[in-house]
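Some notes on the structure that comes next.
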């Protein structure tokens, strides 16, 4: 597996809706492995194929290394609770920036495994937040679009300032 370059905000690829995966083969498995290696190196707890320039509906999430990583192919939220929760979110494509985002506390997600098997399961708490965040990204919705205009503008300015400082 390999660590791949991460596309940085505001690259327009981050706003493209990812294509449905139709081939479940060794290339898909290799992509999932590269996503995991790239996410761990970032570091992060979730990453999508579009973050590395591959516009396919694949995400890898690892909340706790001792529990292992989970790969979700073609994920979609099929139900969500009315109860909302606020949690700090950020992106490997916008490192160092985070802001509170409000999302449903619990969801039911339908996805496929790397073998193409369809699975439906419920998630709550941090896993539900991560799944919604990554599914948004697969739908071309960058996490800052879930913020108020004021918070979004502030986050973008902070990121632009940090990237100017890094460049010198």
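Worth pointing out:
- Residue identified as buried (at least 21 other Cβ atoms within 10 Å of the Cβ) and either touching a residue at least 12 places away in the same chain (Cβ under 8 Å) or touching a helix residue (DSSP H, G or I) at 6+ places or on another chain (Cβ under 9 Å) (or both) among 49, 69, 30, 41: 49
- The residues of the range 134-155 that are in a helix (DSSP H, G or I), out of contact with any strand residue (DSSP E or B) (no Cβ under 9 Å at 6 or more places or on another chain) and either farther than 21 Å from residue 13 by Cβ or in contact (Cβ under 8 Å) with a residue 40 or more places away in the chain (or both), listed by number, are 149, 150, 153.
- Test: residue 145 is within 23 Å of residue 17 (Cα to Cα), exposed (fewer than 15 other Cβ atoms within 10 Å of the Cβ), modelled with pLDDT of 95 or more and under 17 Å from the mean Cα position of the chain (by Cα): yes
- Filter result for residue 94 (touching a residue at least 40 places away in the same chain (Cβ under 8 Å), farther than 22 Å from residue 22 by Cα and surrounded by 21 or more Cβ atoms within 10 Å (Cβ to Cβ)): yes
The values are calculated or read from the model by the stated rules, or taken from the named source; none is laboratory data. As the structure is a prediction and not an experimental result, all values here were calculated from the model. Positions of Cβ are generated from backbone atoms using ideal geometry, with glycine treated the same way; all protein chains shown enter the neighbour counts.
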